[in-house]
Amino acid sequence: MRMVDLIAKKRDGHALSKTEIDWMITAYVDKQIPDYQMSAFLMAVYFQGMADDEMANFAGAMLNSGEVLDLSAIPGIKIDKHSTGGVGDKISLILAPVMAAMGVNIPMISGRGLGFTGGTLDKLEAIPGFNVNLTTEQFIKQVTEHHEAIISASSEVAPADRRLYALRDVTGTVESIPLIAGSIMSKKISSGINALVLDVKVGNGAFMKTQEDAEKLAHALVTIGKAHGVQTRAILSDMNQPLGLTIGNALEVAETVALLNGRGPQDVRELTVTLAAHMAVMAGKTDSLEVGAQLAGDVLRDGRAKRAFRQMVADQGGDVNVIDSPQLLPKAQYRISAVAPRGGFVQAIDSEALGKAAMQLGAGRAQADDKLDVAVGLVLHKKVGTPVSAGDVLATVHSNTADPAAVVAAVVDAFTIGAEEPAKLQLIKEIIE
Ligand code: URA
């Protein structure tokens, strides 16, 4: 086979066969195909797209380029959740203990944040001592005994995706639905799960800015999952404002603890319970979403989810004292108020701008090797639809620099305040199976 022929075939809008895709990915990983040819292929996919089975084969080839975990030693359904990335998204931290408390196995392999969205691993590492680098044996043992573990992917997972993603990043080919879907699913399926719920974010703080694009991505992800025998569902959820009231690693852990204590913001609770209800049905705990939601509500209310979180933190070497006393979490030195310049209603919040403001404080990474400051971030006091008066505090900036004037100005600018009360944002937009 010759790469030039496969590039031309894709350029002309034809689907590649499984044999061709397997050959191409293997040869690329073996460095027999140069980056300039792979770049041309990626650009052809960007313009021509991929057929459903072609996309599934592409994900499969990337998945088989590396290590695939065997979780068969863990009895029953093994289910994970993946979010396409949002600002203030701490759902995994709450959802994993909720599912564990319901007796569902949740072996979670998570990522670090890059750009304006934070990563689950970074948030967990705000808990002193928390270790996300378990061996496969430790991971399997912990999930078998306590139903949950959250760890980092090994560097052996889907090496083809790692190389292709770096190439896409510098060739203007990241924003392609089959390439994004193949990339996400190759990594997820390699973790050995047999069920997966996807939280596909849509809005100004998400990768997918429109519902139409989010639906296309959700369909692509579900198609690939099913083709690989993984029961998959996608939930489209709103990201036109940050989730909850906190953005920043330790601040989001504190909000997690509040939720596990039966308090915390309603939107975080609603999304957690919705995802948990679908996972309960997929794991066979019930065949009714209402009952699933009730079970999730019960474990949040009666302290079982909090106990499961404590167990996971203890299992992974973290300081459990922060659960009873979140004030022990790392704290920033300065708190600066970002105040409303005029009165009215909060009509919109630019979540991406707030994500970037938090990143500038040090809560996120612009480059993969940037070092984080887990203490810094933002606490919102107003969300979309809230009435405000001039001088009200919109958000508190938690900073380790004394006068982060540019960040404070960016936070104020992220809020659109006007006279008209805006329409209510709908958090759960659509379920795609
Ligand atoms: N996340 C991924 O893992 N891959 C993409 O291509 C985009 C987002």
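Tabulated values for the structure
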{"item": "Any hit, segment 350-367, residues being touching a His at 6+ places or on another chain (Cβ under 8 Å), closer than 23 Å to VAL268 by Cβ and not assigned by TED's automatic domain parsing to the domain that holds GLN211", "result": "yes"}
{"item": "Criterion (surrounded by fewer than 17 Cβ atoms within 10 Å (Cβ to Cβ) and of a type outside the set (Asp, Glu)) met by exactly one of LEU354, LEU328, LEU372", "result": "LEU328"}
{"item": "Answer residue from segment 70-100, given it is open to solvent by 30 Å² or more (accessible area, probe 1.4 Å) and hydrophobic (A, V, I, L, M, F, W, C) and is farthest from ALA181 (Cα to Cα) among those", "result": "ALA73"}
{"item": "Verdict on GLU137 being open to solvent by 60 Å² or more (accessible area, probe 1.4 Å), part of a helix (DSSP H, G or I) and either on the phi > 0 side of the Ramachandran plot or not β-branched (Val, Ile, Thr) (or both)", "result": "yes"}
{"item": "Residue count, segment 168-219 (criterion: over 22 Å from ASP53 (Cβ atoms), away from the ligand (no atom under 11 Å from the Cβ) and of a type in the set (Val, Ile, Thr))", "result": "5"}
{"item": "Some residue of segment 164-180 being under 16 Å from the mean Cα position of the chain (by Cα) and not in a loop (DSSP other than H, G, I, E, B)", "result": "yes"}
{"item": "Of all residues in segment 316-339 being in contact with a Ser or Thr (Cβ under 7 Å, 6 or more places away or on another chain) and of a type in the set (Gly, Ala, Ser), the one that is nearest to ALA96 (Cα to Cα)", "result": "ALA332"}
{"item": "Breaking point among (1) over 14 Å from LEU69 (Cβ atoms); (2) touching a residue at least 60 places away in the same chain (Cβ under 8 Å); (3) of a type in the set (Ser, Thr, Tyr), for THR136", "result": "(1)"}
{"item": "Yes/no for MET1 being open to solvent by less than 70 Å² (accessible area, probe 1.4 Å) and in contact with a helix residue (DSSP H, G or I) (Cβ under 9 Å, 6 or more places away or on another chain)", "result": "no"}
{"item": "Filtered residue count, segment 115-134, keeping only those that are surrounded by fewer than 23 Cβ atoms within 10 Å (Cβ to Cβ) and farther than 18 Å from LEU243 by Cβ", "result": "8"}
{"item": "Single condition ASP161 does not satisfy, out of (1) near the ligand (Cβ under 10 Å from one of its atoms); (2) surrounded by fewer than 23 Cβ atoms within 10 Å (Cβ to Cβ); (3) of a type in the set (Asp, Glu)", "result": "(2)"}
{"item": "Meets criteria (farther than 26 Å from GLU212 by Cβ, surrounded by 24 or more Cβ atoms within 10 Å (Cβ to Cβ) and not charged (D, E, K, R)) for VAL253", "result": "yes"}
{"item": "Positions within segment 280-315 being over 29 Å from PHE130 (Cα atoms) and touching a Ser or Thr at 6+ places or on another chain (Cβ under 8 Å), in sequence order", "result": "VAL281, GLY292, ALA293"}
{"item": "Residue count, segment 185-213 (criterion: of a type outside the set (A, V, I, L, M) and assigned to a loop (DSSP other than H, G, I, E, B))", "result": "10"}
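The values are calculated or read from the model by the stated rules, or taken from the named source; none is laboratory data. The model shown is predicted, which means the values in this text are computed figures rather than measured ones. Every residue, glycine as well, gets a Cβ built from its backbone with ideal geometry; the counts of neighbours run over all protein chains shown. Heavy atoms of the whole protein, side chains included, go into the accessibility calculation; ligands, DNA and RNA do not. Shrake-Rupley method; radii C 1.70, N 1.55, O 1.52, S 1.80 Å.
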